[in-house]
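The values are calculated or read from the model by the stated rules, or taken from the named source; none is laboratory data. This one's a predicted model, so the numbers in the text were calculated from it and none came from an experiment. To get the accessible areas, we keep the full protein, side chains included, count just its heavy atoms, and leave off ligands, DNA and RNA. Shrake-Rupley method; radii C 1.70, N 1.55, O 1.52, S 1.80 Å.
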Amino acid sequence: DDIRKAHYYGFCKQVLWPAFHNIDLLDLSTSGLIKQFDDAAASSNWDQSRLDNWWKAYQTVNRQFADVVESLVSPDSVLWIHDYHLSLLP
């Protein structure tokens, strides 16, 4: 459960989602734009020290998914992976 949370809520939502959508969370939190919609989200709680754990979880989930898919497909199969949650898949 910790790996799943670090993968999804950590690396995917805190790093990749903003990057893939050209969002600078610091700019949003200091511009007042977020405050218009949600007072609780008006400040950033970014903590760089969490990044290593999130990255390891992201790699782990991608490897686990790849292992399962590999056991289900044949060498001539074509797969379409359409989301940043699984960007590390070969």
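Things worth noting here:
- Using a probe of 1.4 Å on the protein chains alone, the accessible area found for Arg63 is around 130 Å².
- Accessible surface for Ser87 stands near 60 Å², nearest 10, in the context of the full protein assembly shown (1.4 Å probe).
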